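To keep things clear, I will list the structure first and then write my remarks on it.
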Amino acid sequence: MNFNYVPLGQHQLPPLPYSYDALEPFISQRTMRIHHDKHHKAYVDGLNRAEINLSDARKKRDYEFIKYWEKELAFNGSGHILHSIFWTTMAPPGMGGNPGIQTIDYINSYFGNFGAFKEQFISAAEKVEGSGWAILIWQPAWRRLEILQAEKHQNLAQWGGIPILVCDVWEHAYYLDYQNERRKFIESWWGIINWNEVENRLIFAFNGQLPLTTINTMGY
């Protein structure tokens, strides 16, 4: 059987799907360069390092530091995955389209209406304790959407949940442009959501597949 997978320790930083200045004035070029080239790259490097060290542990049958490397695997792997989604679910101003039919239908069926969904998502993102994310997931177990907060990427998740839309509220995502005004950043970010990609991710999620854009950005 021929599997198409990322070789051990060979994850790569995906390129942005637009130029560094494409999201201005909502997110500055300087923030994008630091966020993508430094922070996301650090998660990729950390993930590769964890995989290599766990491979060495298996070969040597030496698991003295298993707890440390498993934590590194979860933290950096989650950071890599969420950032890869984050870039693709944003688009230059005016190019992200409107929420698609499936997105609206599933939002309305669970949250009541789009306004209620937006208010809950923005509030969840604003009130993440410390650094973390607000994440709209498709939950296959329940066949519906849900909004979650995540602290340090890997915490407060629901097993099996597939991220559909993510908002990064670590300070490195907004501090240069918005200082301590996290809510102002989130409300501005709402104007550059790539709803076409959100619809794409949702359709593929409830069909049990990842969208091609995600496969490409994750290096498969």
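Taken together, the values in this text are just the output of simple stated rules run on the coordinates, not laboratory data. Nothing here was measured: the structure is a model prediction, and the numbers come from that model. Because the Cβ atoms are built from the backbone with ideal geometry, glycine has one as well, and the counts that use them run over all protein chains shown.
The three principal axes of the C-alpha atoms in segment 29-88 carry coordinate ranges of 46, 16, 14 Å, sorted with the longest axis first. Distance between the C-alpha centres of segment 7-27 and segment 44-114: 14 Å, rounded to the whole angstrom. Multiplying the residue separation of D45 and S123 by 0.36 nm and removing their Cα-Cα distance gives an extension gain of 24.9 nm. Looking at segment 44-73, the trypsin sites (Lys or Arg not before Pro) that sit in a DSSP loop and have at most 13 other Cβ atoms within 10 Å of their own Cβ are R61.
When each of the peptides 35-43, 78-86 is scored by the mean number of other C-beta atoms lying within 10 Å of its residues, the order from highest to lowest reads 78-86, 35-43.
Dipole magnitude for the chain: about 460 debye, using +1 per Lys or Arg Cβ and -1 per Asp or Glu Cβ, origin at the Cα centre. Translational diffusion of the chain was estimated from the Stokes-Einstein equation, with Rh taken as the Kirkwood radius over Cα pairs; at 4 °C and 1.567 mPa s the coefficient is 71 µm²/s.
So, R0 is 35 Å and r is the distance between the beta-carbons of S55 and L176; what FRET efficiency does that work out to, to 0.05?
Calculated transfer efficiency: 0.40.
Whole-Hz Karplus values for segment 160-171 come out as x, x, 10, x, 10, 9, 10, 10, 7, 10, 5, 4 Hz, taken residue by residue from phi with 6.51 cos²θ - 1.76 cosθ + 1.60 and θ = phi - 60°; glycine and proline positions read x. When the chain is described by a simple charge dipole with +1 on each Lys and Arg Cβ and -1 on each Asp and Glu Cβ, the residue from L176, W195, Q154 located farthest towards its positive end is Q154.
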